[in-house]
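**Student:** Mind looking over this structure? Questions follow.
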Amino acid sequence: MFSEIALRYDLLNRLLSAGVDRSWRVAAVKAALEQNPRRILDLATGTGDMALLLKRLAPQAEVVGADFAPPMLELARQKAQKLGLEIPFVEADALNLPFPDRHFEAITIAFGFRNFADYTQALAELYRVMAPGGRLCILEFPPPPQGGLGALYRFYFTRVLPWVGGLVSGNPAAYRYLPASVECFPTPPTLAGMMNQAGFQTRYRLFTGGIAALHIGQKLEAP
Ligand SMILES: C[S@@+](CC[C@H](N)C(=O)[O-])C[C@H]1O[C@@H](n2cnc3c(N)ncnc32)[C@H](O)[C@@H]1O
């Protein structure tokens with residue numbers, strides 16, 4: 001599905017979020033860079049926006065982008081080349097990462113975690129490849145809040161977005177999947193609990209009336 005929508009993915013991101021996603025991404029990247037990590041993974045990197053931002057703000061760090069959809073990775077490589085940024089983009093499944101134990105000092109995942117088939121397995125892999133003291137930043141769409149802004153957002157998300165997304169991408173199913181997967185996603189406290197279970201000391205903050213959430217997990221294991 002992600003391979004099929006790759007070509008129109010960036011356009012639709014900007015269009016459907018009216019550019020608001022940019023400020024959420026910047027907040028996630030700044031949280032990831034707070035401890036000056038030297039090795040950073042952007043997992044489920046898609047067309048690479050988070051990896052590009054990480055490399056621009058931390059040019060001295062080694063930034064790797066990983067995703068399991070080759071057409072997404074190809075677009076990410078083209079964008080990095082255009083900007084003159086050196087970022088390896090590698091094909092990888094989040095449930096079985098091809099990286100050594102304790103390798104990365106920060107890991108970001110923007111709007112990718114929700115799609116993983118097994119959250120517990122993904123968190124175990126993330127914990128394995130994270131260096132002690134390292135930081136995991138997960139940016140996601142939690143289920144929309146009830147009432148008020150939540151009701152308006154739910155209408156937009158379930159009616160307007162699938163229609164526009166389907167029309168522009170030519171793949172209506174992909175943009176029906178988006179609201180359906182968001183409704184099924186764990187609430188912010190539940191996800192924080194799952195991250196704690198995996199070994200990350202976790203806090204979170206909500207953006208734009210609870211439309212997006214940033215979970216920050218710290219691996220506390222001694223070096
Ligand atoms: C909604 S896109 C987000 C892309 C990018 N992070 C962004 O912020 O625009 C979700 C991405 O997750 C990737 N993905 C989903 N499941 C994955 C898995 N098990 N392993 C690696 N990548 C995965 C998809 O291929 C897709 O590129």
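Just so you know, all these numbers are worked out from the coordinates, no wet-lab data involved. Since the structure is predicted, the reported quantities are computational estimates derived from the model, not experimental observations. Cβ placement follows ideal geometry from the backbone for every residue including glycine, while neighbour counts extend to all protein chains displayed.
**Student:** Return the aspartates and glutamates within reach of Lys30: Cα separation strictly under 20 angstrom, same-chain partners fewer than 8 residues apart disregarded; answer none if there are no such residues.
**Tutor:** Partners within reach: Asp21, Asp42, Asp49, Glu62, Glu86, Glu105, Glu140.
**Student:** To the nearest 0.05, what FRET efficiency results for Tyr177 and Gln60 with a Förster distance of 30 Å applied to their C-beta separation?
**Tutor:** The calculated FRET efficiency here is 0.20.
**Student:** Please state the shape class of region 1-121: rounded when a/c is under 1.5, otherwise prolate if a/b exceeds b/c and oblate if not, all from the C-alpha gyration tensor.
**Tutor:** Rounded, because the longest to shortest axis ratio a/c is under 1.5.
**Student:** Here's something else I'd like to know. For region 31-103 and region 164-223, what is the separation of their Cα centres, given in Å?
**Tutor:** 19 Å
**Student:** With θ set to phi - 60°, apply the Karplus curve 6.51 cos²θ - 1.76 cosθ + 1.60 along region 193-203 and write out the HN-Hα couplings as whole Hz, x wherever there is a Gly or Pro.
**Tutor:** Whole-Hz 3J(HN,Hα) from phi for region 193-203: x, 5, 5, 4, 4, 6, x, 9, 6, 10, 9.
**Student:** How about Lys82: which lysines have a C-alpha closer than 20 Å to its C-alpha, ignoring those fewer than 8 places off in the same chain?
**Tutor:** The qualifying lysines are Lys55.
**Student:** Take the eigenvalues of the Cα gyration tensor for the chain, scale each by 5, and report the square roots as semi-axes in whole Å, largest first.
**Tutor:** Listed largest to smallest, the semi-axes of the chain are 26, 21, 15 Å.
**Student:** Work out, step by step, the length gained on full extension between Thr190 and Ala18: first 0.36 nm times the residue separation, then minus their alpha carbon distance; give nm to one decimal.
**Tutor:** Separation in residues times 0.36 nm, less the Cα-Cα distance, equals 59.1 nm.
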